[in-house]
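Shown next, in structure tokens, is the structure this report addresses.
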Amino acid sequence: MEFKHTSVLFDEVIDNLQIKADGIYVDGTLGGGGHASGVCEKLGKDGMLIGIDRDKDALKAASQRLENYPCKKEYVQSNYSNIKEVLRDLDINGIDGATLDLGVSSFQLDNEERGFSYMKDTKLDMRMNQDDSFTAWDVVNSYDEKRLFEIIRDYGEEKWASRIAKFICNYRKEKSIDSTGELVEIIKSAIPASARRDGPHPAKRTFQAIRIEVNDELAQLKKAVGEFCDCLNPGGRLCIITFHSLEDRIVKQEFAKLANPCTCPPEFPICVCGKKPSIKKTQGKAICPSKEELEVNPRSRSAKLRVIEKL
């Protein structure tokens, strides 16, 4: 299956990175190489792109897409939160910019074998790294009702989390839940028909929650924001695209801490803690897709881009 993915907020990311022809840039969620192609377009032969992805299919597809650009390129199968380790292994001390696109790629959603989509009946998987052993099957079939409820409530922000967790555990008494189709039907039966008539697909929030748990996405993101900021050279920029409020909240809060690390009580007339900002925000509000982009790519509707610059 061809690795297709429409890069969200493409022009906004490339513009905000302020790419130097001889700079070193990291795409921490390489995917099919969409944003990376925009970076490589502006890099000369002395510039470098470092592409990181957990998905080996993505690395293969991106390397083929980017092979004709003259810049230097390095591809690493890893989690983007391991950025310091990746750079250390490449003997690189600092980078001039980086981008993270936290969305699941269209390839992963559309590839039935990966088990990300609630629109296709396939095995429960949802691993971003196919070499990992822990899958969605393990979450759905081994977590107790309380833990399932907490995950679906917290990671899916699903108001019917309690009923969904109960219905999953009741179903498991008869047999294991082995496919996405089975899980979708259980979720549908747990949510009252009146609540299913409006809004997104009834399984959307629960699938999001399970995917986040399988891939430990929020903990990795929280770690990564500070790590990437540490790796930036002065003037370097970090662009992060999020797709739901949980991710965006983490990015917003971590950026705020780094931009204003002072821990002095507000009534103090001057700062005495000595903690200085390491970054600055480049705009007040998050950047959202244009009307034109929404028409071309409806999957971009929940995307938000936040950008900081290293001081």
Problem set entry | Distance in nm between pseudo-label sites at Asn233 and Asp22 (7 Å out along the Cβ direction from Cα) | 0.9
Exercise. Per-residue HN-Hα couplings for segment 233-248, Karplus 6.51 cos²θ - 1.76 cosθ + 1.60 at θ = phi - 60°, whole Hz, x for Gly and Pro?
Worked result: 6, x, x, x, 10, 10, 10, 10, 9, 10, 10, 8, 4, 5, 5, 4
For this session: Could you tell me which GluC sites (Glu not before Pro) in segment 140-169 are loop residues by DSSP with no more than 16 other beta carbons within 10 angstrom of their beta carbon?
Result: Glu157
Exercise. If you average the sequence gap of Cα pairs under 8 Å that are 6 or more apart and divide by the length of segment 28-142, what percent do you get for the contact order?
Worked result: 23
For this session: Determine the order of Thr206, Thr263 by accessible area, beginning with the largest, at a probe radius of 1.4 Å.
Result: Thr263, Thr206
Exercise. Between Ser63 and Thr122, what length comes free when the chain is fully extended (0.36 nm per residue of separation minus the Cα-Cα distance, one decimal in nm)?
Worked result: 18.4 nm
For this session: With r as the distance between the Cβ atoms of Ser133 and Asp46 and R0 = 35 Å, compute the FRET efficiency 1/(1 + (r/R0)^6) and round to 0.05.
Result: 0.25
Exercise. What angle, in degrees between 0 and 90 and rounded to the nearest 10, separates the Cα long axis of helix 145-156 from the longest principal axis of the Cα atoms of the chain?
Worked result: 40
Seminar exercise, completed: Taking protein heavy atoms only, a 1.4 Å probe, and rounding to whole percent, the accessible area of segment 191-311 owed to carbon and sulfur comes out at 53
Exercise. Relative to the longest principal Cα axis of the chain, at what angle does helix 204-215 sit, 0 to 90 degrees, rounded to 10?
Worked result: 60
Exercise. If Arg205, Arg211 are ordered by their accessible area, calculated over protein heavy atoms with a 1.4 Å probe, which sequence runs from highest to lowest?
Worked result: Arg205, Arg211
For this session: Hand me the GluC sites (Glu not before Pro) from segment 1-103 located in a DSSP loop with no more than 12 other Cβ atoms within 10 Å, in residue order please.
Result: Glu2, Glu67
Seminar exercise, completed: Highest GNM mean-square fluctuation among Gly38, Gly94, Gly284, for the chain with Cα springs under 10 Å, belongs to Gly284
Exercise. At a Förster distance of 22 Å, what's the computed FRET efficiency of Arg196 paired with Asp154, Cβ-Cβ distance as r, to 0.05?
Worked result: 0.50
Seminar exercise, completed: Here segment 298-309 yields Karplus 3J(HN,Hα) values (6.51, -1.76, 1.60; θ = phi - 60°; whole Hz; Gly and Pro given as x) of x, 5, 7, 4, 9, 6, 9, 10, 10, 9, 10, 10
For this session: Could you count how many Lys pairs in segment 244-311 have their Cα atoms under 13 Å apart, skipping same-chain pairs fewer than 8 positions apart?
Result: 12
Problem set entry | Over segment 142-206, relative contact order from alpha-carbon pairs under 8 Å, at least 6 apart, % | 33
Problem set entry | Farthest toward positive dipole pole in segment 131-234 [+1 Lys/Arg, -1 Asp/Glu at C-beta], among Ile210, Cys231, Asn170 | Asn170
Exercise. Using a 1.4 angstrom probe with every protein chain in place, what is the largest-first accessible-area order of Ser300, Ser194?
Worked result: Ser194, Ser300
For this session: Sort 56-63, 227-234 for me by packing, meaning the mean count of neighbouring Cβ atoms within 10 Å per residue, highest on top.
Result: 56-63, 227-234
Exercise. Of the accessible area of segment 31-92, with the probe set at 1.4 angstrom, what percent is carbon plus sulfur?
Worked result: 39
Seminar exercise, completed: Computed over the chain, protein heavy atoms only, probe 1.4 angstrom, the accessible area per residue in square angstrom equals 49
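The values are calculated or read from the model by the stated rules, or taken from the named source; none is laboratory data. All of these numbers come straight from a predicted model, not from anything done at the bench. With ideal geometry, Cβ positions are generated from the backbone for all residues, glycine too; neighbour counts draw on all protein chains shown. The area values use the complete protein model at the heavy-atom level, side chains included, leaving out ligands, DNA and RNA. Shrake-Rupley method; radii C 1.70, N 1.55, O 1.52, S 1.80 Å.
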